[in-house]
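J.: Take a look at this one; I'll ask things after.
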Amino acid sequence: MLSDLERDVLEAIILGKRRVDQIAQFCGIPEFTVNEIVKRLIDKGYLSEEMLPTVKAFRDLKWIDTKRPPSFHGENLRRFLKAILDIIIILAILYLIKSAIF
């Protein structure tokens with residue numbers, strides 16, 4: 001489980017911030033804290049030694065990884081599409097009921 005600061009630093013790195021001063025400014029925390037958080041993220045397996053996010057980072061943050069399909073990270077695209085279809089059907093039924101009343 002990631003703390004809020006760890007999540008913020010990891011998101012900054014995913015967004016392309018690679019230097020400690022950039023990450024510190026982006027997150028609004030001191031550079032020393034960023035260094036310690038980066039070390040923890042490397043130890044936890046969220047970052048590589050080159051400060052690149054790992055698959056675990058994308059999966060746990062639920063970010064979209066452009067190199068892999070959503071199913072790679074455990075996202076269930078089929079369930080999402082079914083929910084959209086259910087909403088469309090409900091809206092169509094409500095429209096038919098409304099037009100039948102008037």
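J.: So which of Lys67, Lys39 is open to solvent by 100 Å² or more (accessible area, probe 1.4 Å) and at pLDDT 90 or above? Before you say what the answer is, go through the steps one by one.
T.: On the way: Lys67 fails: at pLDDT 90 or above.
Exactly one of Lys67, Lys39 is open to solvent by 100 Å² or more (accessible area, probe 1.4 Å) and at pLDDT 90 or above, namely Lys39.
J.: Checking the condition exposed (fewer than 12 other Cβ atoms within 10 Å of the Cβ), modelled with pLDDT of 90 or more and among the acidic types (Asp, Glu), which residue from Glu49, Glu6, Glu31 passes?
T.: Glu49
J.: List pairs: first residue in region 27-50 and under 12 Å from Leu2 (Cα atoms), second residue of a type in the set (Gly, Ala, Ser) and surrounded by fewer than 12 Cβ atoms within 10 Å (Cβ to Cβ) anywhere in the structure, Cβ distance under 9 angstrom, at least six positions apart or on different chains.
T.: Ile37/Ser3; Arg40/Ser3
J.: Identify all residues within region 12-28 that are at pLDDT 90 or above and either assigned to a helix (DSSP H, G or I) or open to solvent by 70 Å² or more (accessible area, probe 1.4 Å) (or both); write none if there are none.
T.: Ala12, Ile13, Arg19, Val20, Asp21, Gln22, Ile23, Ala24, Gln25, Phe26, Cys27
J.: Does region 85-102 include one or more residues that are open to solvent by 50 Å² or more (accessible area, probe 1.4 Å) and modelled with pLDDT under 85?
T.: yes
The values are calculated or read from the model by the stated rules, or taken from the named source; none is laboratory data. Note that the coordinates shown come from a computational prediction; the quantities given were computed from them, not determined experimentally. When we count neighbours, we look across all protein chains shown, and the Cβ atoms used for this are built from the backbone with ideal geometry, even at glycine. With ligands, DNA and RNA removed, areas are computed over all heavy atoms of the protein, side chains included. Shrake-Rupley method; radii C 1.70, N 1.55, O 1.52, S 1.80 Å.
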